[in-house]
Amino acid sequence: MTRAIVLFAHGARDARWAEPFEAVAARVRATAPDCDVALAYLELMTPALGAAVGGLVAAGATTIDVVPLFLGSGGHLRRDLPPLIDALRATHPGVAFRLHAAFGEHAVVVEAMAAAAIAAAALGE
């Protein structure tokens, strides 16, 4: 079994928007060097989820964790992402897909954002 992680973000027209997500992907790769990591986008940027997953499967992934880099579970995560995951399961029946909660719903992320807000206010940023 080969594990992989897809960090799934919305996408934007401005390529600079992706820089924080690329930094997260780099940090995950550094922290979990035995796990393949891909960054994928819902729209406006590439690779799309299907292409990112296809690359991971071609590299031997048999279990793929899809981690949405969204602050909350809005319409995209409730309506758009589940059918995409269903299509991936149909396309790659030998691969186990695990869809996780939005990043912003994890306590550690909430704590980090609160600390950053307090630090920014303290510094007058």
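The values are calculated or read from the model by the stated rules, or taken from the named source; none is laboratory data. Computed from a predicted structure; not experimentally measured. Note: ideal-geometry Cβ built from the backbone for every residue, glycine included; neighbour counts use all protein chains shown. The area values use the complete protein model at the heavy-atom level, side chains included, leaving out ligands, DNA and RNA. Shrake-Rupley method; radii C 1.70, N 1.55, O 1.52, S 1.80 Å.
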Carbon plus sulfur, as percent of the 1.4 Å-probe accessible area of the chain, comes to 61
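Sum up the charges of everything whose Cβ sits under 14 Å from the Cβ of ASP86, counting Lys and Arg as +1 and Asp and Glu as -1, but leave ASP86 out.
Values: positive: ARG78, ARG79, ARG89, ARG98; negative: ASP80.
Every neighbour counted, the sum reads +3.
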Computed over region 11-125, the relative contact order (Cα-Cα under 8 Å, seq sep at least six) in percent reads 21
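If we count every other residue with Cβ under 13 angstrom of ALA12's Cβ, Lys/Arg +1 and Asp/Glu -1, where does the sum land? Don't skip to the answer; put the middle values down first.
On the way: positive: ARG13, ARG16; negative: ASP14, GLU19, GLU22, GLU43.
Summing Lys and Arg as +1 and Asp and Glu as -1 gives -2.
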The summed charge of the VAL37 Cβ neighbourhood (under 12 Å; Lys/Arg +1, Asp/Glu -1) stands at -1
